[in-house]
Amino acid sequence: MTQQVRAIVISGNGTNCEREVANACLLAGADVADIVHISRLLAGEVNLNDYHFLNFAGGFLDGDDLGSAKAGANRLRHAQVANSEQTLADQILEFVASGKLVMGVCNGFQLMVKMGLLPALDGDQRQNTTLTFNDGGRFEDRWTYLKVDTDSPCVFTRGLEGIYLPVRHGEGKFVTESETLLQQLEDQHLSVLKYCEADYQNTTMEFPLNPNGSTAAIAGLCDQTGRIFGLMPHPEAYVHRTHHPRWTREELPEEGMGLWLYQNAITFIRENLL
């Protein structure tokens, strides 16, 4: 029997995009896309080792108390899995070390940087970046053009030069603890996605094309392996042409651009993990 590509989407404590993410995984070719409440992982009822692709969905973890996803990050770091000496963060690090894929979208991206999963340069698991309040001081719900760094090691963006995706966040401004760290991210092509003009070429700090004032226009980040990826825009929200805001006025392909990221993930799994 052919081995199955198995994706897991974590839910609970305020996530609200898990169904869309699971649907995107299935449309992209995953055989299984299980939505699993975090309590089942902590109870030891579900094991991450049974999956190839871990997804942290968007939402408002713990009501964004302490800042977006900070409480959730602390939970993963410190809550112990039942009948185990490991925390869930320990299991996630084992999952990563085994060569598997992780993607976090919006609140999921915030969770990953506050856990130290990203950028994790040279194995440094400290939190040294964050996503903070938009420069405009308000929640932004709009569509954005994104330039892809074609020299990035990111598995999810292979073959892509630009994508168009919606954002919906109040804390999407990416910042680093130092200029040195920012330069390392740039030099190693880990700042995968940047807010840009409609030509997908010229990055911008100008509102509304850059909806939050993110440092260096960064909208998405990967680690040095290219297998761990976080982004503020929502790829799961554009997997079919009818999701596009101008679908009744423009000739569009059936597949939405966001689906490309999931397709690249599934292709990588079939070629490298099965």
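The values are calculated or read from the model by the stated rules, or taken from the named source; none is laboratory data. Since we're looking at a predicted model, the values are computed, not measured. Virtual Cβ from ideal backbone geometry, glycine too; neighbours counted across all protein chains shown.
Residues checked against (1) in contact (Cβ under 8 Å) with a residue 12 or more places away in the chain; (2) touching a helix residue (DSSP H, G or I) at 6+ places or on another chain (Cβ under 9 Å); (3) not hydrophobic (A, V, I, L, M, F, W, C):
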site: R168; (1), (2), (3): yes, yes, yes
site: V175; (1), (2), (3): yes, yes, no
site: L181; (1), (2), (3): yes, yes, no
site: K194; (1), (2), (3): yes, yes, yes
site: T204; (1), (2), (3): yes, yes, yes
site: F207; (1), (2), (3): yes, no, no
site: P235; (1), (2), (3): yes, yes, yes
site: R249; (1), (2), (3): no, no, yes
site: E255; (1), (2), (3): yes, yes, yes
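Within the stretch 163-184, which residues are crowded, with 22+ Cβ neighbours inside 10 Å and under 12 Å from T215 (Cα atoms)?
G172, F174, listed by residue number.
For (1) at pLDDT 95 or above; (2) among the basic types (K, R); (3) touching a strand residue (DSSP E or B) at 6+ places or on another chain (Cβ under 6 Å), each residue gets a yes or a no:
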residue: D124; (1), (2), (3): no, no, no
residue: F156; (1), (2), (3): yes, no, yes
residue: I163; (1), (2), (3): yes, no, yes
residue: R168; (1), (2), (3): yes, yes, yes
residue: E179; (1), (2), (3): yes, no, no
residue: H189; (1), (2), (3): yes, no, no
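Mind listing whichever residues of the stretch 256-268 are assigned to a helix (DSSP H, G or I) and within 17 Å of the chain's Cα centre (by Cα)?
Of the stretch 256-268, the ones assigned to a helix (DSSP H, G or I) are 258-268.
Listed by number, the residues that qualify are G258, L259, W260, L261, Y262, Q263, N264, A265, I266, F268.
Of the numbered conditions (1) touching a Lys or Arg at 6+ places or on another chain (Cβ under 7 Å); (2) closer than 25 Å to L93 by Cβ, L221 fails exactly one; give the number of that condition.
(1)
Please enumerate the residues belonging to the stretch 227-255 that are under 23 Å from A265 (Cβ atoms), more than 10 Å from the chain's Cα centre (by Cα), in a loop (DSSP other than H, G, I, E, B) and not basic (K, R).
Those that are under 23 Å from A265 (Cβ atoms), more than 10 Å from the chain's Cα centre (by Cα), in a loop (DSSP other than H, G, I, E, B) and not basic (K, R): Y238, V239, H244, L252, P253, E254.
Of the numbered conditions (1) in contact with a Ser or Thr (Cβ under 8 Å, 6 or more places away or on another chain); (2) closer than 16 Å to W143 by Cβ; (3) surrounded by fewer than 24 Cβ atoms within 10 Å (Cβ to Cβ), T242 satisfies every one except a single condition; which is it?
For T242, the exception is condition (1).
If you check G63, G14, G29, G58, which single one turns out to be on the phi > 0 side of the Ramachandran plot and at pLDDT 95 or above? Break it down into steps so the answer makes sense when it comes.
Numbers: G63 fails: at pLDDT 95 or above; G14 fails: at pLDDT 95 or above; G58 fails: on the phi > 0 side of the Ramachandran plot.
The unique qualifying residue is G29.
If we scan the stretch 260-271, do we find a residue that is charged (D, E, K, R) and in contact with a strand residue (DSSP E or B) (Cβ under 9 Å, 6 or more places away or on another chain)?
No - not one qualifying residue is present in the stretch 260-271.
Yes or no: the stretch 67-77 includes at least one residue that is in contact with a helix residue (DSSP H, G or I) (Cβ under 7 Å, 6 or more places away or on another chain), among the hydrophobic types (A, V, I, L, M, F, W, C), outside any loop (DSSP other than H, G, I, E, B) and modelled with pLDDT of 95 or more. Full working, then the answer.
Here is the first cut: in the stretch 67-77, the ones in contact with a helix residue (DSSP H, G or I) (Cβ under 7 Å, 6 or more places away or on another chain) are 68-73, 76-77.
Keeping just the survivors that are among the hydrophobic types (A, V, I, L, M, F, W, C) gives 69, 71, 73, 76.
Next, only the ones that are outside any loop (DSSP other than H, G, I, E, B) stay: 71, 73, 76.
Then keep just the ones that are modelled with pLDDT of 95 or more; that gives none.
For the stretch 67-77, residues in contact with a helix residue (DSSP H, G or I) (Cβ under 7 Å, 6 or more places away or on another chain), among the hydrophobic types (A, V, I, L, M, F, W, C), outside any loop (DSSP other than H, G, I, E, B) and modelled with pLDDT of 95 or more: absent.
Out of the stretch 47-60, which residues are in contact with a strand residue (DSSP E or B) (Cβ under 7 Å, 6 or more places away or on another chain) and of a type in the set (A, V, I, L, M, F, W, C)?
Within the stretch 47-60, L48, F53, L54, F56, A57 qualify.
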